[in-house]
1. Could you give the Stokes-Einstein D for segment 248-354 in µm² per second, using the C-alpha Kirkwood radius, 25 °C, 0.890 mPa s?
2. For segment 311-369, what's the radius of gyration and Dmax over Cα atoms, in angstrom?
3. Output the peptides 116-124, 287-295 sorted from most to least packed, where packing is the average of other Cβ atoms within 10 Å over each peptide's residues.
4. Considering only the other residues whose Cβ falls under 14 Å of the Cβ of residue 64, what net charge follows from Lys and Arg at +1 and Asp and Glu at -1?
5. Can you list residues from other chains, or at least 5 along the same chain, whose modelled amide H is less than 5 Å from the amide H of residue 367?
6. Find the all-direction average of the projected area of the Cα convex hull for segment 334-433, expressing the result in square nanometres with one decimal place.
7. For the pairs 150/321; 122/380; 48/83; 321/428, note any where the Cα-Cα span goes beyond 26 Å.
8. Hey, could you get me the Stokes-Einstein D for segment 338-391, Kirkwood radius over alpha-carbon pairs, 4 °C and 1.567 mPa s, rounded to whole µm² s⁻¹?
Amino acid sequence: MAAARACLVALAMAAALFLEGTAAAAAGNAGAAPLKQRRRRQVRSHLKRLNKAPLATIESPDGDIIDCVHISNQPAFDHPFLKNHTVQMRPAYHPEGLYDESKVASQQQTQTITQMWHQNGKCPEDTIPIRRTKKEDVLRASSVRRYGKKRHRSTPNPMSVDPDMLNESGHQKSQLTLFAVSPMEQHAIAYVEGDKYYGAKATINVWQPKIEQANEFSLSQLWILGGSFGQDLNSIEAGWQVSPDLYGDNNTRLFTYWTSDAYQATGCYNLLCSGFIQINNQIAMGASIFPISNYGGSQYDINILVWKDPKEGNWWLQFGKDYVLGYWPSFLFSYLADSASMIEWGGEVVNSEPDGSHTSTQMGSGHFPEEGFGKASYFKNIQVVDSSNNLKAPKGVGTFTEQSNCYDVQNGNNGDWGTYFYYGGPGKNSNCP
């Protein structure tokens, strides 16, 4: 009898625990449903804010949809300070020396590069091309609020880099003050500091580096930097990138980025927030560029110029020789409202250390600098804009990489390429486990 009673008690307790668990699960599911609904509403609202009503639409061969949006209806004008802004349709001044053709042409000619969507049409006058954001793009982000923002960078803080971290191949060494970044990010860059800079230019070799993990990226860009490299870092960035997380594929794409608070709340990629004002109807931010370079074969590169208009004070962006794309109004920034204190050029990857080892995500061509032209990726004719609005060769160029066995950089100078450097690498290899 006692045994039977004990058995009944045990069954009752088990039943109670089962019912409690079922009730908790039901409550959890009931709570999850409103959360999912709220997220769906947030995504729909965000898409409506980003995807402005187009006057024409072009389907790109790579699957992108390019919306031709009236210039006055672009995302920039969602900014409260730009409600009554008069669009500046051209810069008051270009940097002196931009169209200086006196240099001897290089024997290693590169080919013309364009954007893939051009194959299927073009946007009419008074519109700008905007890559349409899809629901899947936003859902890949950690949150709706973080969509279109750099998420791997830690809060930058001042740090003094050990000289041993700088290349041992005869390049300048110094106690470079860089901003601290997440250990997940790795770089191979050239840089200048110690003066006031009003712009930078580079010709950047274009590749399609392999990405190991979907949450990693590989990019090649220039940085216009100002501030204390703490919470108030100002940065304007432009170049090319491969980012499956942001775009949903492994295409090589033109991109820009800006921030005025060290990547915390302000700024974004491309036109994914209000800020950059585009004036050009031929180039779409975030759209695929092609063709790309082949190892041992044809080489392709793009020209990027960012400079501060000395009259209006805005920071302008030019792509190639012909496309002035638009500008970042100076009021977006604190330090860059005046000038930059550092310029950087080079590559950056995210290393998520899959399985506890270094990523095999490539930087540049995926090959080390010593392989040279046609095999390693390069930046050539790197220049800065000085206080007199003159483009000139940078002085005192330093180089920096965190792990030269994974990604490296080697700089040089000659008559054809001016100041240049090769950079990049394969990531994980026998010397970079």
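Quick note: the coordinates plus some simple rules give every number you see, no bench work behind them. Note that this is a predicted model, so its numbers are computed, not measured. So basically every Cβ, Gly included, is an ideal-geometry build from the backbone, and we count neighbours across all protein chains shown.
1. Values: Rh = 15.9 Å.
Taking Rh from Cα pairs, D becomes 154 µm²/s.
2. Just the Cα atoms of segment 311-369 yield Rg and Dmax of 17.8, 53 Å.
3. Details: 116-124: 16.6, 287-295: 18.9.
With the highest mean Cβ count within 10 Å placed first, the list reads 287-295, 116-124.
4. On the way: positive: 131, 132, 134, 253; negative: 59, 62, 67, 136, 137, 249.
Once positives and negatives cancel, what remains is -2.
5. 377, 425
6. Values: hull surface 33.0 nm².
Answer in nm², one decimal: 8.3.
7. 150/321; 122/380; 321/428
8. Details: Rh = 14.4 Å.
In µm²/s, the coefficient is 90.
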